[in-house]
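Asker: Before I ask anything, let me first share the structure, which is written out below as C-alpha cells.
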Amino acid sequence: MDVGSVVKFATFSRALTLLLQAVFNSLIPDHVPDAFSPPHVAEPKCWDSLVEVIFGGLSHWDAEHFLFIAEHGYVYEHNFAFFPLLPLSLRAVAATVFCPLGGLLNFRSRLLLSVVLINSVLFVLNAVTLYSLGRLVLQDRRLAYYSSLLYCITPANVFMAAAYSESLFAFLAFGAMWLLEKGQALTSCFVFALATATRSNGIVSVGFLLYIQFQRCILQARVVGRTAVKLTKFLSYARISFQFVFSAAVGTVVVLLPFGLFQYYGYVTFCKPTMKPELISNALLELSEKKGYRVPDMTRDSPSWCFHQYPLLYSYIQDVYWNVGFLRYYELKQVPNFLLALPVTVLGTAAAWQYCTANPWFCLQLGLIDGKQKDQRGDNPDLKGSDKPASGFYSPKVFVYLVHATVLLAFGVFCMHIQVLTRFLASSSPVLYWFSAHLLQKHEPFYSTDRVEKAASSTQSRTRHARLPTSSDACMTGSEWRILPQNPLTELLLKWAHCSAVTRCLLGYFISYWVLGLVLHCNWLPWT
C-alpha cells in the first residue's frame, strides 16, 4: 500500500484510455449531432491529420467549447458557460511546451496535445492526492489506498481524459481539501479560488473554509471556558469571534472573487462592447448567423440580461441556452438520462444514509462535538468497543465532505441535466470513492487485512522479477497474470467469479461506465 502502486495503476489507466479512445474513434463511425461544432479556420499542416486520428476522440461535445475558447477567446455569448482556467492552461502549454512543433502542427492540434499532457499528468496527481487526503480524513491507510485505486477506474473516465475541466477541477478541489486538513487554511483558500476559476461549483467549496474555521472557533471557546477567569473569558471570546468573522469574510471573498471577475468580464464584453463584428473572422461570423449565436457588437442593442437587477451572464446562459432550472428536466423523454445517473445517485444517497444512521447524534450536532465520542457510535458494530474516534468511512472528519457531496447531489438531481451527475460528483467529491471502497472492504471477503497487506508488500518484488507476457499467460491463474498492474483491485477483477454480489455490482458499474464512455463520447454519441 504505497504511492508507487497508485501511480503505476493511474498511469496504466491513462495509457489504456488513450489507446482505447483512438481505437474506438477509428473503428466506429461518428454520429452527427446538433452540437457546437465551429469551423477550423487555421491552415492545416502535415501532421494535423495524424493528431486528429489519434486524439480526435477527446475533442467532442463540450470539449469543442474549451478548445475553441483556448484558440479564439470568448467570441460567442454561450462560451461564457465554460470557465477560463482550463482554456488558459491549454493555450499556455500549446504556446510553450509544443511551440517547437509549430512548423508541423497548427495551433488547434497543439491544443489537443496539450489536453493529453495536462489531463494525463493531473489524473495521476489526482490519484495520489486522493490517497493522501484519504489518509488524513479516514485515518485508515488501507481504505485510502482502495479509494485511490477506484479513482483510477472512475466512471467519469472519458471526461478526465477529454478536453473537459474535470481533471483540473478535481486536482484543485482535492488539493485544497488536503491543504485544509494539513492546517494550511490560507493556501487552501487560494487553491479553492483557482477551482472556482475552473468550474462554477467551486463556489460551494467556501463551505469547507467556513465549517473548519467555525469548528476551530468552537474548540477554542471550549478551551477558554474551562481554563480562563471571568474577565479573561469575555476578552478571549471576543478575540475568537473576531478572528472567525475576519477569516470567514476573507476566505469567502477570495473563493468567490474569480466567479465575480468572470461575470464582470462577460458584462463588459456584451453590455459595454467596444468591438465591431468586422474584427471577427468571416467563418465564425457565418456560424453565428446560422446558429443564432450572439457576438460582441457595439452597433447593436445590449442583450436583455444586461438590464437585470443582477446581470449574471452565467445564470442567463444556463437558463436560455441549456434550460437549466429547478425540475425543468423532469420530463418523460428524459427517463434514459435519469437511468444513466441512477447508480451514482444510489451511491450518494446510500453514503449519506449509512453515515447518518451510524452517527445520528453526531450529525444532529453538525459534527461540532469533540473527536472522542462514545455517543456517536449508535448501533453500528464498526463504531463500538473503543473510546477512540471512529476511523474509516465513519470518521468524524468525513461529515463535512458528506454534507458537501449531498448538497451537490441534491442540486444535480433537482436542478441540472441529470446525465452529467456522474462526472459532476466524480470530479468534485472524494465521497464517491471513499464510500465505494468502504463497501468493498465491508462486503468482500477477499479484502481481508492479512491478504491485502501481504499482496501490497510483495508488489515491488513481483514487479522486479516480472517477465514479458507470452501466449501461455492466457492459461495462468489471475494472481500470476502480468498484464495488469498487481494490486488488490486488479486481483478482484481477475477473480470476478468468486467476488460477492456487492463487489460485482460496484465494479461492474465503474468498469462499464469507464468503457462505455470511451465508446460513445468519442464518437459523438450521447453520454453522461
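The values are calculated or read from the model by the stated rules, or taken from the named source; none is laboratory data. As the structure is a computational prediction, the values presented were derived from the model and not from experiment. Positions of Cβ are backbone-derived with ideal geometry, glycine not excepted, and every protein chain shown enters the neighbour counts. These area figures cover heavy atoms from the full protein model, side chains too; ligands, DNA and RNA do not enter into them. Shrake-Rupley method; radii C 1.70, N 1.55, O 1.52, S 1.80 Å.
Asker: Tally time: how many residues in the stretch 1-23 are over 22 Å from Leu122 (Cβ atoms) and either outside any helix (DSSP H, G or I) or open to solvent by less than 40 Å² (accessible area, probe 1.4 Å) (or both)?
Answerer: Counting residues in the stretch 1-23 that are over 22 Å from Leu122 (Cβ atoms) and either outside any helix (DSSP H, G or I) or open to solvent by less than 40 Å² (accessible area, probe 1.4 Å) (or both) gives 1.
Asker: Please verify whether the stretch 247-261 includes one or more residues that are assigned to a helix (DSSP H, G or I), at pLDDT below 90 and out of contact with any Phe, Trp or Tyr (no Cβ under 9 Å at 6 or more places or on another chain).
Answerer: yes
Asker: Are there helices (runs of 4 or more DSSP H) fully within the stretch 123-212 with at least 2 residues that are touching a Phe, Trp or Tyr at 6+ places or on another chain (Cβ under 8 Å) and not aliphatic (A, V, I, L, M)? List them.
Answerer: 141-151, 166-181, 185-196
Asker: How many residues are within 24 Å of Leu85 (Cα to Cα) and assigned to a helix (DSSP H, G or I) if we restrict to the stretch 262-296?
Answerer: Residues flagged as within 24 Å of Leu85 (Cα to Cα) and assigned to a helix (DSSP H, G or I) within the stretch 262-296 amount to 11.
Yes/no matrix, rows are residues, columns are (1) closer than 29 Å to Pro277 by Cα; (2) touching a helix residue (DSSP H, G or I) at 6+ places or on another chain (Cβ under 6 Å); (3) not basic (Lys, Arg):
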site	(1), (2), (3)
Asp62	yes, no, yes
Leu67	yes, yes, yes
His72	yes, no, yes
His78	yes, yes, yes
Leu90	yes, yes, yes
Val115	no, yes, yes
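Asker: Give the residue, chosen from Val32, Val75, that is of a type in the set (Val, Ile, Thr), touching a residue at least 40 places away in the same chain (Cβ under 8 Å) and open to solvent by 60 Å² or more (accessible area, probe 1.4 Å).
Answerer: The conditions single out Val32.
Asker: Still on this structure, I have one more. Does the stretch 482-493 include one or more residues that are open to solvent by 40 Å² or more (accessible area, probe 1.4 Å), modelled with pLDDT of 85 or more and either farther than 30 Å from Gly57 by Cα or not charged (D, E, K, R) (or both)?
Answerer: Among the residues of the stretch 482-493, at least one is open to solvent by 40 Å² or more (accessible area, probe 1.4 Å), modelled with pLDDT of 85 or more and either farther than 30 Å from Gly57 by Cα or not charged (D, E, K, R) (or both), which makes the answer yes.
Asker: Also: Trp322 - would you say it is at negative phi, of a type in the set (Phe, Trp, Tyr) and at pLDDT 95 or above?
Answerer: No; evaluated as a whole, the condition is false for this residue.
Asker: List the helices (runs of 4 or more DSSP H) that sit entirely inside the stretch 366-479 and contain at least 2 residues that are at pLDDT 95 or above and among the hydrophobic types (A, V, I, L, M, F, W, C).
Answerer: Those helices (runs of 4 or more DSSP H) span 398-415, 421-426, 431-443.
Asker: Which residue pairs have Cβ atoms under 7 Å apart, sit 6 or more places apart or on different chains, and have a first residue in the stretch 301-320 that is within 14 Å of Phe262 (Cα to Cα) and a second that is among the polar types (S, T, N, Q) and in a helix (DSSP H, G or I)?
Answerer: Leu312/Gln263; Leu313/Gln263; Tyr314/Ser200; Tyr314/Gln263
Asker: Do you know which of the residues in the stretch 250-278 that are over 24 Å from Gln309 (Cβ atoms) and more than 26 Å from the chain's Cα centre (by Cα) is most open to solvent (accessible area, probe 1.4 Å)?
Answerer: Glu278
Asker: When you go through Leu284, Leu312 one by one, which is the residue that is open to solvent by less than 40 Å² (accessible area, probe 1.4 Å) and in contact with a helix residue (DSSP H, G or I) (Cβ under 9 Å, 6 or more places away or on another chain)?
Answerer: Only one candidate passes the filter, namely Leu284.
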